[in-house]
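First up is the structure itself, then whatever we jot down about it.
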Amino acid sequence: MKHAAMRLITALWLTLLGHIGMAGAAAPAIERLEPKAAPRATIALVGGTFINDALLKRRDILKRAFTIKTAAGLSPTIWYAETDGVPFYYVHMHGDGRYVETWAALRLLGVRNAIGGATAGGINPAMKLYDYVVPHDFIDLNITRPLAMPADTYEDPNAIPIPRYTPAMDPLLQQILIEQTRRAIRADAQYGDINLHERGVVIQSRGGRFETASEVRMMASWGADLVTMSIGTEMTYARMMGIHYAALVSISNPAEGVGEWTWDTLKQVYPRINPLSLRIVLAAIPKIAAIDPNTPRVGDALRFHPEMTSEPSAP
């Protein structure tokens, strides 16, 4: 139901934007392109509830909308965008339920760095409402999405990685998100109550519903600090596709059993956090673009399991 709702919300937004335009201009039509014909970028922003529709309103940033065909199926709508002269792709709401197709498409398009994000329930009592977390590790309870990307989505189907996830996120991207988040919340007194947590273990629940208080107690006993529904999938697929990834997460409510909250809590969180989160990730993108492409990245050394053979390796 959640994925169907996401698709409906996205369709309604795209229809609305097509009628009224974004920032007063006509919205671009969604093109069907071959990957090689798509406008080029090496950075992707994968949206979620941490920004919701905040970027969809920015016609000054979003330039073109397109889809491409992948071995896993048709991609969700991908927006070509620019901020401070830096090109990037934007995918709304985790790919509108098309998780595999999203990451297959980003690999085909040549993406090397991606930022994701979400809102989450705070399990660790130190992680309060509105706080930001840049997680360093994850626990994945996914039971409905493929555990791995299909073989035909890899550049070489005969060299399928069995990645390691220590560290689970790219340290360079983590540090950029930490620095830009700290700068944003310190720059404005209205955000003085928001704390930044530079580490955290995010647990991905199965989705489709909120967790029970008993489930949250179990998650806490496992070492989880916050719970959400898509970050684990994105971390997993990004590394499989050779894409460096880090996420920015905002605490939108105490996890069930940790504290009291109502639906009205979320109504207050989104209007405050979405514009701020967008400001943070847009500031991060030029910093990511400035990373020297020759800089060694930890994920590249963690993707491929050695050949499974009794023969000794060649010298």
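Read the figures in this text as sums done on the coordinates, not as results from a lab. Only a predicted model underlies this, so the values are computations on that prediction, with no experimental measurement involved. Here Cβ is always computed from backbone atoms with ideal geometry, including for glycine, and neighbour counts include all displayed protein chains.
A few points about this structure:
- Based on Cα contacts under 8 Å between residues 6+ apart, segment 191-315 shows a relative contact order of 23 percent.
- Ordered by the number of other Cβ atoms lying within 10 Å of each residue's own Cβ, fewest first, 141, 282, 106, 266 fall into the sequence 266, 141, 282, 106.
- Remark: the chain carries a charge dipole of roughly 680 debye about the Cα centre, counting +1 on each Lys and Arg Cβ and -1 on each Asp and Glu Cβ.
- Take every pair of alpha-carbon atoms less than 8 Å apart whose residues are at least six positions apart; their mean separation over the length of the chain yields a relative contact order of 23 percent.
- Its residues counted as N, the chain yields a C-alpha radius of gyration over 2.2 N^0.38 Å of 0.98.
- Segment 156-215: C-alpha gyration tensor shape, a/c 1.5 cut-off, then a/b vs b/c: oblate
- For segment 265-315, trypsin sites (Lys or Arg not before Pro) are listed when DSSP marks them as loop and at most 16 other Cβ atoms sit within 10 Å of their Cβ; the list is 303.
- Candidates 203, 162, 280: whichever shows maximal mean-square fluctuation once the chain is modelled as a Gaussian network with Cα springs under 10 Å: 162
- Full-stretch length increase - residue 198, residue 262 - with 0.36 nm per residue and alpha-carbon distance subtracted: 20.3 nm
- For segment 30-90, trypsin sites (Lys or Arg not before Pro) are listed when DSSP marks them as loop and at most 13 other Cβ atoms sit within 10 Å of their Cβ; the list is 40.
- Three-way shape label, segment 52-131, alpha-carbon gyration tensor, a/c 1.5: oblate
- For residue 44, the residues whose modelled amide H falls within less than 5 Å of its own, excluding neighbours fewer than 5 places apart on the same chain, are 89, 113, 114, 115.
- Listed residues 210, 167, 43: farthest to the positive end of the dipole of the chain (Cβ charges): 43
- The order of 67, 119, going from fewest to most other C-beta atoms within 10 Å of their C-beta, is 67, 119.
- Cα shape, segment 207-294, gyration tensor, a/c 1.5 rule: oblate
- Amide H to amide H distances under 5 Å link residue 63 with 80, 81, 82, where only residues 5 or more positions off or on other chains count and H is placed in the peptide plane.
- From least to most packed, judged by other beta carbons within 10 angstrom and beginning with the fewest, 263, 222 follow the order 263, 222.
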